[in-house]
1. When Rg is the radius of gyration of the Cα atoms in the stretch 1-43 and Rh is its Kirkwood radius, what does Rg/Rh come to?
2. Put a dot 7 Å past each Cα toward the Cβ at L80 and K143; how far apart are the dots in nm?
3. Among the Cys residues of the chain, which have no other cysteine Cβ under 4.7 angstrom away?
4. In whole Hz, with x marking every Gly and Pro, tabulate ³J(HN,Hα) for the stretch 11-23 from phi via Karplus 6.51 cos²θ - 1.76 cosθ + 1.60, θ = phi - 60°.
5. Using alpha-carbon pairs under 8 Å, 6+ residues apart, how would you state the relative contact order of the chain in percent?
6. Assuming a viscosity of 0.890 mPa s and a temperature of 25 °C, what translational diffusion coefficient in µm² per second does Stokes-Einstein assign to the chain, Rh being the Kirkwood radius over Cα pairs?
7. Give, in nm to one decimal, the length gained when the segment between D129 and Q58 is fully stretched (0.36 nm per residue of separation minus the Cα-Cα distance).
8. What is the gain in length, in nm to one decimal, between D9 and E32 on full extension, counting 0.36 nm per residue of separation less the C-alpha to C-alpha distance?
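The values are calculated or read from the model by the stated rules, or taken from the named source; none is laboratory data. Source: prediction; values computed, not measured. Positions of Cβ are generated from backbone atoms using ideal geometry, with glycine treated the same way; all protein chains shown enter the neighbour counts. Accessible surface is based on the protein model in full, side chains and every heavy atom, while ligands, DNA and RNA are left aside. Shrake-Rupley method; radii C 1.70, N 1.55, O 1.52, S 1.80 Å.
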Amino acid sequence: MTTPDFIRDLRASAGHQLLWLPGVTAVVFDDEGRVLLGRRSDNGRWSLIGGIPEPGEQPAACAVREVEEETAVRCVVERLVLVQALKPVTYDNGDVCQFMDITFRCRAVGGEARVNDDESLEVGWFAVDALPDIKEFGHARVKQALSDAPAWFDPAASL
């Protein structure tokens, strides 16, 4: 995936050391209740749409921007679904990042789903009960987005 310029600038002085970064995930539904997925160009796997906010960008605005940039679908954020600190990730080049994922439930309001940048090989709408092979990360977020439960967070963190 494309590395934002501000992270390239940080890496110039921080090297490969751990960077703690915000990340957003968008669970986008259409009027038929289908969920929008993209098949990533970096690993070939289907996944929810997401990205990294630019400095000063609100997380919900980032979700809307990322969805349109990657899929040409316009959406609006309906609610916060989940906030979760993820485990650190080490990339092939040795960079280490740890993300605070902020997941939003979104509703499509326009556009036609298509590959709109170089981050996806394919994009498409899928019935919730007929999702392609996606990681548990995606399944958990879709399930939470479909529920009426309040936003999920790790209850152990409040002890």
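1. Here the Rg-to-Rh quotient is 1.16.
2. 2.2
3. Result for the chain is C62, C97, no neighbouring Cys Cβ within the cutoff.
4. Values, residue by residue: 4, 4, 9, 8, x, 8, 4, 4, 10, 8, 10, x, x Hz.
5. Numbers: 320 pairs, mean separation 46.9, N = 159.
Across the chain, relative contact order equals 30 percent.
6. Stokes-Einstein gives a translational diffusion coefficient of 151 µm²/s.
7. Values: separation 71, 0.36 × 71 = 25.56 nm, distance 3.16 nm.
Net length gain for the segment: 22.4 nm.
8. On the way: separation 23, 0.36 × 23 = 8.28 nm, distance 4.24 nm.
The span from D9 to E32 would gain 4.0 nm if fully extended.
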